[in-house]
Amino acid sequence: MALAAAALAALLLIPSVSAHEKIVATKPSGSAKVGLRSVVVSFSGPIRGGTLKVFNANGRKVSKGKGARDPRNVSRLRAAMKGGVGAGRYTARVRWVGADGHHQSSSFRFRLVR
C-alpha cells in the first residue's frame, strides 16, 4: 500500500509533457504598413518545424517559399514577403509540428495599410 501511494505521488509530481504548443503572438497582429518584410508566429514552446504561407484576398500566395522555423528562435515561424505587396486583407496559414510530434494548424488575418 505504501509503495502504491508513493508511486501515485511520484506520478502527480511529474509535469505533463503532453501539452501542445500554442500560438501566443503573431506579427502583424491586426494591421501593418505596406512594405511589410516578414510575418512571424510565436509559440508557447519550441517546435520541430512548420510552414507559414500568406495569401491575398484572391487566394494568391504573397509570401516567399513555405516559411520556416526561425533559426534564431525555435519557438517561432517566419515567412518573408514578396516585394510589391499592396494594401489589403491577407490570410496567413500556419502548420507546425510540436516538440511532442503533434501536427497542428491554424490561420490568422491581418490588413496592410498605406
Across (1) outside any loop (DSSP other than H, G, I, E, B); (2) loosely packed, with under 15 Cβ neighbours inside 10 Å; (3) small (Gly, Ala, Ser), Gly101 clears everything bar (1)
Could you check how many residues of region 81-98 are surrounded by 14 or more Cβ atoms within 10 Å (Cβ to Cβ), farther than 26 Å from His20 by Cα and touching a residue at least 40 places away in the same chain (Cβ under 8 Å)? 2
Across region 20-57, what is the total count of residues that are surrounded by 15 or more Cβ atoms within 10 Å (Cβ to Cβ), within 19 Å of Ala99 (Cα to Cα) and among the polar types (S, T, N, Q)? 2
Just the residues that are out of contact with any strand residue (DSSP E or B) (no Cβ under 7 Å at 6 or more places or on another chain) and either in a strand (DSSP E or B) or within 13 Å of Pro46 (Cβ to Cβ) (or both), please, taken from region 72-98. Arg72, Asn73
Is it true that some residue in region 58-65 is surrounded by fewer than 15 Cβ atoms within 10 Å (Cβ to Cβ), of a type in the set (Ser, Thr, Tyr) and free of Cβ contacts under 8 Å to residues at least 40 places away in the same chain? no
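No value in this document is a laboratory result; all are computed from the given coordinates. Quick caveat, the model's predicted, so the values are computed rather than measured. As a convention, Cβ positions derive from the backbone with ideal geometry for all residues, glycine included, and neighbour counts pool all protein chains shown.
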